[in-house]
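For reference, the structure is listed below as structure tokens.
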Amino acid sequence: MKVLFVCLGNICRSPSAEGVFREISDCVTDSAGTGGWHVGSPPYGPMLEAAARRGHDFSDLRARQFRREDFADFDLIIGMDDANIRDIEALRPSGNKTPVQLFTDFAAETGAQEVPDPYYTRDFDGALDLIESCAKGLHGKLHEIEPR
Ligand code: 4NP
């Protein structure tokens, strides 16, 4: 299985999601941003620091922009909020059937409808709590998703 995590900037939420999920799964993982402002940059410093305090390290990741070729390259594409989903779907090639889902769909017990952007909320620990729950939920449901 190849799983792609997508957010807006690819410096806070989606690298955190990739970093946490790759610790618990054998999937091939990547992350990307629908925006291109931070291409080539490492994850945001305060995000890395909050993650490091709970034992996660994804400082090796570098931002890239989501592209339409990702639909063919991944089995599952995960967005962090509704705007991400809309921006992803706008690039879907005709006939492509790759599933695109909200990360929070895998953590219904949290009641969350999206992963709020800590770049704006500054709640890096709240984002990580949610991302950890969603990552565990996704790991538990992977068998329901068919690799192509
Ligand atoms: P992310 O957060 O989507 O979780 O990576 C953001 C980081 C930076 C910007 C937007 C969102 N920005 O516009 O610079």
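The values are calculated or read from the model by the stated rules, or taken from the named source; none is laboratory data. Because the structure is a prediction, the values reported are computed rather than measured. Ideal geometry is used to build each Cβ from the backbone, glycine not excepted, and the neighbour counts take in all protein chains shown. Calculation scope for accessible area: heavy atoms of the full protein, side chains included, ligands and nucleic acids excluded. Shrake-Rupley method; radii C 1.70, N 1.55, O 1.52, S 1.80 Å.
Sequence gap at least 6, Cα distance under 8 Å: using those rules, report the relative contact order of the chain to the nearest whole percent.
With pairs under 8 Å counted, the relative contact order is 27 percent.
Let me know the charge dipole size of the chain about its Cα centre in debye, to the nearest 20, where only the beta-carbon of Lys, Arg (+1) and Asp, Glu (-1) is charged. Write down the numbers at each step before the final one.
On the way: 16 positive and 25 negative charges, 72 e Å.
About 340 debye.
Applying the Karplus parametrisation 6.51 cos²θ - 1.76 cosθ + 1.60 with θ = phi - 60° to the phi angles of segment 23-37, what ³J(HN,Hα) value in whole Hz is obtained for each residue in order, glycine and proline being reported as x?
5, 10, 9, 9, 5, 6, 10, 7, 9, 7, x, 6, x, x, 4
Check which residues have an amide H placed less than 5 Å from Ser31's amide H, if you skip close sequence neighbours.
Phe5
Check which residues have an amide H placed less than 5 Å from Ala63's amide H, if you skip close sequence neighbours.
Excluding prolines and chain starts, which carry no amide H, the hits are Gly40, Ser41.
What's the extension gain from Asp123 to Lys97 if we count 0.36 nm per residue and subtract their Cα-Cα distance? Please list the in-between numbers first.
Numbers: separation 26, 0.36 × 26 = 9.36 nm, distance 3.46 nm.
Result: 5.9 nm gained on full extension.
Given a 1.4 Å probe, how much area per residue of segment 2-144 is accessible, in Å²?
46
Note down the nm distance, to one decimal, between modelled labels 7 Å out along Cα→Cβ at Lys136 and at Ile24.
0.6
For the chain, what % of the accessible area comes from carbon and sulfur atoms, probe 1.4 Å?
49
Just check segment 88-140 against the gyration tensor rule for me: Cα atoms, a ≥ b ≥ c as the square roots of the eigenvalues, rounded for a/c under 1.5, and otherwise prolate or oblate depending on whether a/b exceeds b/c. Let's see the in-between values first.
Details: a/c = 3.03, a/b = 1.59, b/c = 1.90.
Because a/c hits 1.5 or more and a/b fails to exceed b/c, segment 88-140 counts as oblate.
Given the options Ser94, Val6, Pro116, identify the residue whose Cα lies farthest towards the positive end of the charge dipole of the chain (+1 on Cβ of Lys, Arg; -1 on Cβ of Asp, Glu).
With unit charges placed on the Cβ atoms, the residue in question is Ser94.
Given segment 2-144, what whole percent of its Cα pairs are spread farther than 28 Å?
Percent of Cα pairs beyond 28 Å in segment 2-144: 9.
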